[in-house]
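Take a look at the structure below.
The values are calculated or read from the model by the stated rules, or taken from the named source; none is laboratory data. Everything quoted here is computed from the prediction, not taken from an experiment. Using ideal geometry, Cβ is built from the backbone for each residue, glycine included, and neighbour counts are taken over all protein chains shown. Accessible surface is based on the protein model in full, side chains and every heavy atom, while ligands, DNA and RNA are left aside. Shrake-Rupley method; radii C 1.70, N 1.55, O 1.52, S 1.80 Å.
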Amino acid sequence: MYDTKQQWFKDAKYGLFMHWGLYALLAGEYKGEKTDRIAEWIMNYLNIPVEEYRKLAKEFNPQNFDADEIVRRAKEDWGMKYLVFTSKHHEGFAMFKSETTPYNSVDASPCHRDFVKELADACHKYDMKFGLYYSQAQDWDDPDGFMQTKENSHKNFQRYLDEKCKPQLREILTQYGEIALLWFDTPMGITKQQTQELIDLVKSLQPNCIISGRAGNHMGDYMTTGDNFIPRLPYEGDWEVPATLNDTWGFNKYDHNWKKADDIIRLLLKINSRGGNYLLNIGPDADGNVPKESIEILNEVGKYVKENAEAIYGTKRVALYHYELEWAQFTSKDYKLFVHILQPRMRVEVINIANQVKRAYIVRDGRELEFTVGKVCEGDGYIEVELPEDMQEQKNYAVCIEMEEKEPIFEEIQ
């Protein structure tokens, strides 16, 4: 079972991922050819030569990027507890000042900006946990970095690790204050020994920095699921689902398949109820603008999160409930079962439950609710909570059932 030993991560439940790099300039299209896959992989999928791709750096001048505003929104409007930013994605371009290579946002671009520093400063200002994504194995710019779908057997991967990866990790772990999380990705052919070398480096510089499950060889501090994939059942230990608001991570001007806010709320609650954190992505465009659709969705989700904070942050894995509820999701804390109402209801009805109830209330305003505890005709236990008339046509709010027992007692279906 994975254990980060970091209480902030266990309690956070909701974080912001940010994929941003040179790929934002292409926005899903290169020389008239569109990619039908994730936009930040366009260099790989459309076989763009290194020398051609490098020219993008000379055009990268995102005058509208405002780290302070993004972090403020993430913390105050969207209810997120941590941020993870792509310091270097597979394209090999560093979004920070690097002495290791001039191929970075300060030295190679007309903006001459260190975006890791800007975001680090904003996170420290707003007391947001700051994490960095770093592609440790894939580097399509370095001749010895791995590249998915291409031949890698001739490469001196150890040289890349020693001469680019490790020096850049040292830079990002020593120049920007506390780094709460290091998000490695796509380990591919990295060996157990090489993974250990990277872990030892991270922990030597920042002992409390936790490492994602994609470090390689099952050696991360927590489990990282597949992109947009949620475990079907409650899962023990510390884990996280990285996920998108549409179908891509980096900005793609052709991807308009935006999820609805109601869907994001349901996914957040489903992940939290099964014990995990939801790391939800935004992909700014080449000018640094966060897509307006992302902002609109996250504003609406954030309203729910803030109003129902008690029922989200610091919650824990809920034992398996034997019924699928279309109208609700559960989260829990000791002595409390939270029922998140996702469709209009006259009352809350939970069957096959054997708990004794002390009180029930609406989470967002504290209103006390009448309840009944008993047995149905078949002998199974039930709890009913009556909802006020003004709430019966509403959706997206939570009810707390405060119990005598520490955990919900769900009964088998007879």
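In segment 114-166, of all residues being modelled with pLDDT of 95 or more and among the basic types (Lys, Arg), the one that is farthest from Gln6 (Cα to Cα) corresponds to Lys155.
When segment 80-115 is filtered for residues that are in a loop (DSSP other than H, G, I, E, B), under 30 Å from Val301 (Cα atoms) and hydrophobic (A, V, I, L, M, F, W, C), the ones remaining, listed by number, are Met80, Met95.
Taking the criterion of being in a helix (DSSP H, G or I), within 22 Å of the chain's Cα centre (by Cα), surrounded by fewer than 23 Cβ atoms within 10 Å (Cβ to Cβ) and not aliphatic (A, V, I, L, M), the only residue of segment 12-51 that qualifies is Trp41.
Residues in segment 106-132 that are closer than 25 Å to Asn44 by Cα and in contact (Cβ under 8 Å) with a residue 60 or more places away in the chain: Phe115, Val116. Which residues, counting only those in segment 57-100, are open to solvent by less than 20 Å² (accessible area, probe 1.4 Å), more than 25 Å from the chain's Cα centre (by Cα) and closer than 14 Å to Asp142 by Cβ? Of everything in segment 57-100, just one residue is open to solvent by less than 20 Å² (accessible area, probe 1.4 Å), more than 25 Å from the chain's Cα centre (by Cα) and closer than 14 Å to Asp142 by Cβ, namely Ser98. One residue stands out in segment 368-391 among those that are open to solvent by 80 Å² or more (accessible area, probe 1.4 Å) and in a strand (DSSP E or B): the one that is farthest from Leu337 (Cα to Cα), namely Lys375. Scan segment 55-79 for residues that are outside any helix (DSSP H, G or I), out of contact with any Cys (no Cβ under 9 Å at 6 or more places or on another chain) and farther than 18 Å from Glu307 by Cα and the total you get is 2. Of the listed requirements (1) of a type outside the set (Asp, Glu); (2) over 22 Å from the mean Cα position of the chain (by Cα); (3) crowded, with 21+ Cβ neighbours inside 10 Å, Arg54 misses just one: (3).
One line per residue, one yes/no per condition, for (1) touching a strand residue (DSSP E or B) at 6+ places or on another chain (Cβ under 8 Å); (2) assigned to a strand (DSSP E or B); (3) open to solvent by 40 Å² or more (accessible area, probe 1.4 Å); (4) in contact (Cβ under 8 Å) with a residue 24 or more places away in the chain:
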residue	(1), (2), (3), (4)
Gly366	no, no, no, no
Glu393	no, no, yes, yes
Glu407	yes, no, yes, yes
Glu412	no, no, yes, yes
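The residues of segment 194-212 that are touching a residue at least 24 places away in the same chain (Cβ under 8 Å), open to solvent by 20 Å² or more (accessible area, probe 1.4 Å) and not in a helix (DSSP H, G or I), listed by number, are Gln206, Asn208.
Put simply, of Asn272, Asn217, Asn257, Asn277 the only residue that is open to solvent by 20 Å² or more (accessible area, probe 1.4 Å) and within 19 Å of Asp3 (Cα to Cα) is Asn217.
Before we move on, is Phe157 more than 23 Å from Gly283 (Cα to Cα), of a type in the set (A, V, I, L, M, F, W, C) and in contact with a Gly (Cβ under 8 Å, 6 or more places away or on another chain)? Answer is yes for this residue.
Is it fair to say Phe330 is aromatic (Phe, Trp, Tyr), in contact with a His (Cβ under 8 Å, 6 or more places away or on another chain) and not in a loop (DSSP other than H, G, I, E, B)? Answer is yes for this residue.
Does segment 235-254 contain any residue that is among the aromatic types (Phe, Trp, Tyr), assigned to a loop (DSSP other than H, G, I, E, B) and buried (at least 21 other Cβ atoms within 10 Å of the Cβ)? Yes, segment 235-254 contains at least one residue that is among the aromatic types (Phe, Trp, Tyr), assigned to a loop (DSSP other than H, G, I, E, B) and buried (at least 21 other Cβ atoms within 10 Å of the Cβ).
Of the residues in segment 220-232, how many are open to solvent by 20 Å² or more (accessible area, probe 1.4 Å), assigned to a loop (DSSP other than H, G, I, E, B) and either touching a residue at least 60 places away in the same chain (Cβ under 8 Å) or in contact with a Cys (Cβ under 9 Å, 6 or more places away or on another chain) (or both)? Residues that pass the stated criteria total 1. Which of the residues belonging to segment 307-325 are touching a Lys or Arg at 6+ places or on another chain (Cβ under 9 Å) and either closer than 26 Å to Asp380 by Cα or free of Cβ contacts under 8 Å to residues at least 24 places away in the same chain (or both)? Matches in segment 307-325: Lys316, Arg317, Val318.
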